[in-house]
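Each reported figure results from applying straightforward, stated rules to the coordinates on display, with no laboratory input. Since this is a predicted model, take the numbers as computed values, not measurements. When we count neighbours, we look across all protein chains shown, and the Cβ atoms used for this are built from the backbone with ideal geometry, even at glycine.
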Amino acid sequence: MKKIVFILIVFTSWSCKKSQSPVEVISDDTTKPGVVTDVRVENLNGAARILYKLPQSSNILYVSAKYPIREGYERESKTSFYTDTILVEGFAKAGEYEVTLHTVSRANIKSDPVVVKVQPKTPNYILVNEGLQITPDFGGANFYGTNPDKAPISVHLLAFNPSKNKFEEKDPEYIKGGIVDVSLRGFAAVAQEFGVYTTDRFGNKSDIRYSKLTPLFESLLDKRKFFVYRLPSDAPIWPGWELRYFFDDSLNEPGWHTQDAPVTVGTFGIGPTAKISRFVLWNRLPGMYSYQNPKSITIWGSNADQPKDVNLPRISSPGDIAGDWVNMGNFMYPDPPSGLPGSQANASDNAFAAAGINFRMPSTAPPVKFIRFLVNQTWGGLGYTNAMEISFYGINQ
């Protein structure tokens, strides 16, 4: 009994302390709160930041802003009494809109309204869509542009299907960074109609832009012309698992296997200069999602006749240059489709990886004739790596 009484006393004491929180939601004070004053507006792309002065009252809980963002649709934004700013966003287009501000008390009593006019600039989703360059890509079209504010948007790609006499849409590409670089592929090198539009997280949709162009023809680069171009900073090789087995058109052992090294790099030539569209990687069977198999990869390229050695950085961005070498792209081997951890990949996951994993080369990657395959991380996190085979697609120039 003593133990039970003690627990009840402690719990009651804790509950009392919690009820004394300064952010009390319930209040008996039903007095109408005062309004915000000294209102100022900072107009942004598809949004506006409203600054104000709060009334002198300890009973205010938050400030509310209600406003239309497009015909038939209204939003409400809220911000606590700790700040003097509220962001109103999601406007479908540039123009003048009315925003109604209320202070709201702890008893849920609203103040009189304060109406503010804002004039948001052109929204990001429209700016991105209008700025996209639509150009021929390998087997399709590429859509490239900038997203200066790094606004979260979705890019929707369409292609005309003549057998159905309509445009068909693929799954949208979700963009959060500052660059848009997406492609629609799988088409023959004949004239084809494409389309693109963008949407934002508020349900706004841009106009569709259409373009008719002829996709570029891509082919498998001839691996008979590949050759090892060993440089001093390349990783040491495990005996019998030479780099040449990485592109010998065989998935049988041996493959490429390195020993411990600060950075795991293999360098090879691909013959004539080529614009690379994609590459396919086969990790070592059967544990494609474990051990020394590559997980994080950077492809460096060079078009110099005899590119010199350089210690490549472990962290870099596409377009970065190190000596004669340029970062062509950073790639992450996909997780098992089942959602299982790599160490627990099931038979379907292994079959998916055994078919080869395709990696699309960014459209900005330059033509090259030498490749440095840099492994930043393996599935096992080890300081060496192994892989079975790699194939490159593109067009010789």
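When the Cα atoms of the range 219-396 are enclosed in a convex hull and the volume is divided per residue, what value in Å³ results?
Numbers: hull volume 18.9 nm³, N = 178.
Here the figure is 106 Å³ per residue.
Straight-line reach from LYS121: which lysines fall under 28 Å, measuring Cα to Cα and dropping same-chain residues less than 8 apart?
Reachable lysines: LYS53, LYS66, LYS78, LYS93, LYS150, LYS176, LYS205.
Could you give the radius of gyration (one decimal) and Dmax (whole number) of the Cα atoms in the range 37-118, in Å?
When restricted to the Cα atoms of the range 37-118, Rg and Dmax are 12.5, 38 Å.
Given only helices, namely DSSP H runs of n ≥ 4 each adding -39500 (n - 2.57), what is the per-residue ellipticity at 222 nm of the chain, to the nearest 500 deg cm²/dmol? Don't skip to the end; give the middle numbers.
Numbers: 3 runs with 34 residues, N = 397.
My calculation for the chain gives -2500 deg cm²/dmol from helical runs alone.
Would you look at the GNM of the chain, springs on alpha carbons closer than 10 Å, and say which of GLY301, GLY186, GLY266 moves the most?
So, out of GLY301, GLY186, GLY266, the one fluctuating most is GLY186.
What residues have an amide H closer than 5 Å to that of ASN45, excluding those fewer than 5 places away on the same chain, when H is modeled at 1.01 Å from N in the peptide plane?
Here the answer is LYS121, since their amide H atoms fall under 5 Å of that of ASN45.
Rounded, prolate or oblate: which one fits the range 158-236, using the alpha carbon gyration tensor with axes a ≥ b ≥ c (rounded when a/c is under 1.5, else prolate when a/b beats b/c, else oblate)?
Working: a/c = 3.95, a/b = 1.63, b/c = 2.42.
Oblate is the answer for the range 158-236, as a/c is 1.5 or above yet b/c matches or exceeds a/b.
Within the range 39-97, which chymotrypsin sites (Phe, Trp or Tyr not before Pro) sit in a loop by DSSP and count at most 13 neighbouring Cβ atoms inside 10 Å?
Values: sites: TYR52, TYR62, TYR73, PHE81, TYR82, PHE91, TYR97; in loops: PHE81, TYR82, PHE91.
Those that pass, being in a loop and sparsely packed, are TYR82.
Please state the shape class of the range 182-286: rounded when a/c is under 1.5, otherwise prolate if a/b exceeds b/c and oblate if not, all from the C-alpha gyration tensor. Mind dumping the intermediate values first?
On the way: a/c = 3.05, a/b = 2.08, b/c = 1.46.
In terms of gyration-tensor shape, prolate.
With all pairs of different alpha carbon atoms counted, what Kirkwood hydrodynamic radius in Å does the chain show? Present the calculation step by step, with values, prior to reporting the outcome.
Numbers: mean 1/r = 0.0387 Å⁻¹.
Across the chain, the inverse of the average 1/r is 25.8 Å.
Highest first, please rank the peptides 329-337, 307-315, 43-51 by the mean number of other Cβ atoms sitting within 10 Å of their residues. Can you show the working numbers first?
On the way: 329-337: 16.7, 307-315: 14.8, 43-51: 19.6.
Descending packing order for the listed peptides: 43-51, 329-337, 307-315.
Could you work out how far the C-alpha centroid of the range 101-168 sits from that of the range 309-358, in angstrom?
Value for the Cα centre distance between the two parts: 30 Å.
Checking the a/c ratio against 1.5 first, then a/b against b/c, what shape does the Cα gyration tensor give for the range 99-245?
Numbers: a/c = 3.64, a/b = 1.77, b/c = 2.06.
Verdict is oblate for the range 99-245.
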